[in-house]
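The values are calculated or read from the model by the stated rules, or taken from the named source; none is laboratory data. Remember, it's a predicted structure, so these values are computed and weren't measured experimentally. Cβ sites come from the backbone with ideal geometry, for glycine too, and all protein chains shown count toward neighbours. Side chains included, ligands, DNA and RNA excluded: accessible areas come from the protein's heavy atoms. Shrake-Rupley method; radii C 1.70, N 1.55, O 1.52, S 1.80 Å.
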Amino acid sequence: MTEWQPADGVSGDYSAIKVSVGMLGPPRFRCPARDAMAARQGLRAETLVRRKPEYLEDFANGPFMRAMDLIEFHRKAVDRALRTACASTVPGRVVHASVEQWATHGVFGYLQAFADDSQLVPAKENWRYFRESSAPDQRGAKRYTISVWGRCYTSEDHCLRELRLLTNRADGRTRTEAEVAVAALVLASALPQPLPERVRIRQFALLDGTTTTLFDGSRQAALDLYDVAGKPALAGIVDAPGGLDYRPGSACTDCPFAAVCPALPRKAGVLGVQDDRRPRRTWSPTTSRSYRRCPAQEFSRRQRLPLDQSIERGESAERGRAVHRYLEDLHSAGTASPCDSRIPDNWVPGEFALPDRERELGAELLRHHAEVCPLKLASSPADVRVEPDIVFHDTDADTVVLVRPDLRYRDRGGWVWREVKTSTSTVRPSRWFDYYPQLALAVVLAARGDLKPGRPRVELEVLRPSGVDLVVFDPDTPRVLAEAESSLREQFRPWHLDNRFAPKPGDHCRSCEVSRWCTAADGVRAKND
């Protein structure tokens, strides 16, 4: 029998276990409890979940895969394959124009990268490892299945099997040793016969067309690698030693057990919208800001299409991130000592490369922070929370909210939510809540009593070259709460109701980090030229 029990409200049998190689990826976006329960194919949440189809294709690499299937299995011309792949999706769904651009880019890059691999032919089906026994084992399971996702190929003599895993960019997704090891087992052991003599796993980056070999060896070497690096990791997922580890986050969006998850708080009505007809999505203040600039930009970012790093990592943006990282490190030191105005010359954290002018400006901003450092009011490290994750499910809107305050600290028994921003502008917005939606969300949560214990407040610290602004919002003030609720609702509702996420072209296209995938931005650039 298993050493753990599923969440209350989840029942079923343990006889069939199915895992995918992706479950062994980096843990940042995964929930171990979900993976452990989802691996038992017979487990179901007892709470009925109404299926609500999404209007837009929500898997960015789906059109690419469909196009490649048409090219490799049906000998379709590339242009025709792309048109067909982007026109025929799940019934009722359409492909967003940005995803179509992305698929086109990926297909041409893929065909060019593997143009010389004519000795390999595509496998008709993705390989699956399957094992079945007549009696349940110690886990209560009789059937095991492990699947891989990618482009699968074999040599004509069946001596070589190759799996090509996809990643958006070469410097992005890093495969874990366990992923490679379990994928190697599947290639080495999956039916049909004959089994291969050699196994190769490569990764293809759709953005720049580069390939990286992750494993290339004999069938026995693949099995040996699995025994060392794959089997223990796989057991850790399935067995969940020490009990189920719930990690609420982006994985809650399509989790079949979210409705009964004991770690996902349910807060009906926070966003001010009573409409749960849309598929469950995640929303954050970043979502709101991106959507207001351009709905297509928000959708493209949500699909994790590659960003233009020259914009996303521009000098001023990097300086802001460096300042935040420096403060995060100081506030996380565990001493609860307030920041000092003496900023060292080498203050810039190692992962940031700033020119001298931005380095000097950042140091000046940090000196201003020392004037209002919240740790002056915290009496112990236990009274400080640096960038804590706040995740909850607004059941009225069927939306998972993700927010990470810059700092939460306790002052005289009450928890304070502090946001720290940097700016070189001298203009003060007339409506702070519209400019920084996380402030509106914080005030609403505080007024509801969700930031217990004590009397909470919300603070905004804006660091400028000329000094520092510290704006305080009292959730108990009716006017403040009404403005926060109105602003939050006005920012959330249009996004929540949107099915198409159409582009909103304008001057902002020139500084849009995803404009490469937008045909509307092409028109703006042509007009400006």
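Among the candidates Ala141, Ala81, single out the residue that is touching a strand residue (DSSP E or B) at 6+ places or on another chain (Cβ under 6 Å) and not hydroxyl-bearing (Ser, Thr, Tyr). Result of the check over Ala141, Ala81: Ala141.
The residues in region 196-208 that are in a loop (DSSP other than H, G, I, E, B) and either free of Cβ contacts under 8 Å to residues at least 40 places away in the same chain or open to solvent by 10 Å² or more (accessible area, probe 1.4 Å) (or both) can be counted, and the count is 3.
Quick one: which of Val386, Val420, Val416 is among the aliphatic types (A, V, I, L, M), open to solvent by 30 Å² or more (accessible area, probe 1.4 Å) and more than 30 Å from Thr47 (Cα to Cα)? Of the residues listed, the single one that is among the aliphatic types (A, V, I, L, M), open to solvent by 30 Å² or more (accessible area, probe 1.4 Å) and more than 30 Å from Thr47 (Cα to Cα) is Val386. Within region 172-184, the presence of at least one residue that is more than 22 Å from Arg28 (Cβ to Cβ) and in contact with a strand residue (DSSP E or B) (Cβ under 7 Å, 6 or more places away or on another chain) is confirmed. With respect to Ala521, determine if the residue is in a helix (DSSP H, G or I) and farther than 24 Å from Trp417 by Cα. It is true that Ala521 is in a helix (DSSP H, G or I) and farther than 24 Å from Trp417 by Cα.
Out of Glu364, Glu298, Glu328, Glu312, which single residue is open to solvent by less than 20 Å² (accessible area, probe 1.4 Å), touching a residue at least 40 places away in the same chain (Cβ under 8 Å) and among the acidic types (Asp, Glu)?
When all the criteria are applied, what remains is Glu298.
Taking helices (runs of 4 or more DSSP H) as the structural unit, those lying wholly within region 420-497 and holding at least 3 residues that are over 29 Å from the mean Cα position of the chain (by Cα) correspond to 478-497. The condition (being at pLDDT below 95 and not β-branched (Val, Ile, Thr)) is satisfied by just one residue among Asp411, Asp394, Asp406: Asp411.
When region 87-120 is limited to residues that are outside any helix (DSSP H, G or I) and small (Gly, Ala, Ser), the one that is farthest from Cys518 (Cα to Cα) turns out to be Ser118.
Among the residues of region 146-164, none qualifies, meaning not one is free of Cβ contacts under 8 Å to residues at least 12 places away in the same chain and not acidic (Asp, Glu).
The residue list Arg28, Arg80 contains one member that is at pLDDT below 95, farther than 25 Å from Arg128 by Cβ and part of a helix (DSSP H, G or I), which is Arg28. For region 94-116, residues that are charged (D, E, K, R) and surrounded by 14 or more Cβ atoms within 10 Å (Cβ to Cβ) total 1.
The set of residues in region 215-232 that are part of a helix (DSSP H, G or I) and open to solvent by 30 Å² or more (accessible area, probe 1.4 Å) comprises Arg219, Gln220, Ala221, Leu223, Asp224, Leu225, Tyr226, Asp227, Val228, Lys231, Pro232.
Based on this model, can you work out whether Arg247 counts as in contact (Cβ under 8 Å) with a residue 12 or more places away in the chain and open to solvent by less than 20 Å² (accessible area, probe 1.4 Å)? Spell out the reasoning first.
Details: in contact (Cβ under 8 Å) with a residue 12 or more places away in the chain: yes; open to solvent by less than 20 Å² (accessible area, probe 1.4 Å): no.
Spelling it out, it is not the case that Arg247 is in contact (Cβ under 8 Å) with a residue 12 or more places away in the chain and open to solvent by less than 20 Å² (accessible area, probe 1.4 Å).
Within region 334-360, take every residue that is among the hydrophobic types (A, V, I, L, M, F, W, C) and open to solvent by less than 40 Å² (accessible area, probe 1.4 Å) and give me the one that is farthest from the chain's Cα centre (by Cα). Ranking the candidates gives Ile343 first.
Taken together, Asp227, Asp239 contain a single residue that is of a type outside the set (Val, Ile, Thr) and modelled with pLDDT under 95, which is Asp239. Whenever a residue of region 115-134 is without any contact (Cβ under 8 Å) to a residue 40 or more places away in the chain, it has no partner that is of a type in the set (Asp, Glu) and assigned to a strand (DSSP E or B) lying with C-beta atoms less than 8 angstrom away and at least six residues away or across chains. Annotation: Thr212 fulfils all but one of (1) modelled with pLDDT of 95 or more; (2) part of a loop (DSSP other than H, G, I, E, B); (3) open to solvent by 50 Å² or more (accessible area, probe 1.4 Å); the unmet one is (2). Just so you know, in region 459-517 the residues that are among the β-branched types (Val, Ile, Thr) and in contact with a Phe, Trp or Tyr (Cβ under 8 Å, 6 or more places away or on another chain) include one that is least open to solvent (accessible area, probe 1.4 Å), and it is Val480. Of everything in region 5-56 that is open to solvent by 20 Å² or more (accessible area, probe 1.4 Å) and of a type in the set (Val, Ile, Thr), the residue that is farthest from Thr282 (Cα to Cα) is Thr47.
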